[in-house]
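The structure appears below as structure tokens.
Bear in mind that the values in this text are calculations on the coordinates, not laboratory data. Only a predicted model underlies this, so the values are computations on that prediction, with no experimental measurement involved. Backbone-built Cβ (ideal geometry, glycine too); neighbour counts: all protein chains shown.
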Amino acid sequence: MGKSVTKAQREELRRAMATAGVDIAGIASEMQRRFAFRPRESCRHAHGWSQDQAAHAYNIAEGSGDAPMTGTRISAYECWPVSGERPSPRTLTILARAYGVNVSQLIDFEDLEHMPPGDRQLILELSGLASTTRPDVRSAAAPSVELVRDMPSPVVPAEPLATAPPGGAIAVLEKAFLMNTARESAAFAHRAGQTNIGPTDLDQLDADLDRIARDYLTEPLIPLLGDMRELRNTAFGLLEGRQYPEQSRHLYLLAGQACGLLASASSDLGRYDEADTHARTAWLCAELAGHNKLRAWVLATRSIIAFWDGRGHKAVEHARHGTEYVDGLELVRLHSLEARARARLGDAAGTQTAIRSAADARERVTDDHEYSGMFAFPVANQERCAGNAYLWLQQHEDSIRSLERALAAFEEDAHPEEPSYAHTAVTRLDLTMAHLRLGDFEGARESLAPVLDLPPAKRLAGVVRRSERLQRLLAGHAFKTVSGARGLSETIETFSAGASLKQLPGATS
């Protein structure tokens, strides 16, 4: 029994040493030195366990359920040899496994002096042979019995170790050691062969993701957030379990796509900080999945977020980074986004180069059938981005030509169940702006009319942002004398103010 010391003092020392990265053996040694604990008691306190918790850890390590250990017996073993009960070599072996230490760290010379010769010799040999994995105790949360739950039970030789013939103890221990290592290999094989993924789980998650990606284009966005979150959390939850490596990569892909959709949704609702957070997690998932197309799509998403958050150079950087990973459809998307970002920075030559690169990449696309919903990037979106880029460069005639081609492509390519209301709306709003910049009020009003029918729940940040710019332009000096301009300005102002996202706390357009 150690000198008088409070539990608070023990815990303060344990937590400080664990935080510093000291292992269980080191913490136990310091407790022996500082508080004069006996070895077995110091190892228990190094975990922060009560005697009952130590008994529970012992029973898990022992595994058979025969004669279960109790806190009272742990106390008796700790008190020996002054009082209590002498622990056998088998008991010390299992206790060492439970504590995650070497057998030698559970005894001192006083113990050895009081042991029978056979036990003493065996313990000395065990101390030289035994090799256990010491747990990481930096978190040092008590009790940490989970550390020993999956360890195989130690093999006890059929021949009593304490009565092994002279010179035969080492041979007996070698046999026990080899049997233990074989048991450990078998236990690993058993665990590695298990999976928490059912035969249809991944197919169902893929189907859920595809539905969400399609609904993103057609349904009000805010109600879909719950579906995105549920899919992401399901993938995260499964990843906390055990599955085959290929299944893990598939789950990381799903989790990354779900996080990417949440990033897009947050951006479409004007929440750019939250969008970036989701996108960074999506990038981590892409890295863990080792999936280049996901890497490229996530970087495209980050480019969009940076663009609308006013970080044009970052938008270009993300788009350029993405081109390192892919060819095919993602390359078209990335070049198109780069063009728009360069245009906002006033880089006309760079914009034109990126637009041409997108067109060249489109000619090589063979994988467009792999994409649907929000993951797709049809020709209409390519033309839409080019039209927006020309608008930033104030090349309004070029902008109108690209935007009109985009609208025609949306009408031609759209499936009846997949009218992309947001993409179509922002295309019309950009077209309206281009007409106004050229002084064509009637052309602007005609382009705008279908947008004003959007219900409040479908007026996303891109729609509101563009509408507010149109409203300010119409209310300004340039259209002061144009008949109908003031009324249209007031209509647009009411339209923007009625957007559902305006009711979200902290939302910006």
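Couple of notes before you dig in:
- Reachable aspartates and glutamates from Lys7, criterion Cα separation under 18 angstrom, eight or more residues apart if same chain: Glu30, Glu41, Asp52, Glu78
- Under the convention that each Lys and Arg Cβ holds +1 and each Asp and Glu Cβ holds -1, the size of the dipole of the range 433-503 around its Cα centre is about 300 debye.
- When each of the peptides 238-244, 70-76 is scored by the mean number of other C-beta atoms lying within 10 Å of its residues, the order from highest to lowest reads 70-76, 238-244.
- In a simple Cβ point-charge model (Lys, Arg +1; Asp, Glu -1; nothing else charged), the range 21-123 has a dipole of about 80 debye relative to its Cα centre.
- Over the range 368-509, the Kirkwood radius and the radius of gyration, each from Cα atoms, give a ratio Rg/Rh of 0.98.
- Placing unit charges on each Cβ (+1 for Lys and Arg, -1 for Asp and Glu) gives the range 307-377 a dipole about its Cα centre, and among Ala319, Ala343, Thr366 the Cα reaching farthest toward its positive end belongs to Ala343.
- Selection from Val451, Thr491, Leu470, by position along the positive dipole direction of the range 433-503 (Cβ): Leu470
- Considering all different alpha carbon pairs of the range 188-286, the Kirkwood hydrodynamic radius works out to 14.1 Å.
- When each of the peptides 485-492, 251-258, 354-361, 279-286 is scored by how many other beta carbons lie within 10 Å of its residues on average, the order from highest to lowest is 251-258, 279-286, 354-361, 485-492.
- Taking the centroid of alpha carbons for each part, the range 267-337 and the range 431-452 are 31 Å apart.
- For the range 202-290, the Cβ-based charge dipole about the Cα centre amounts to some 160 debye (Lys, Arg positive; Asp, Glu negative; other atoms uncharged).
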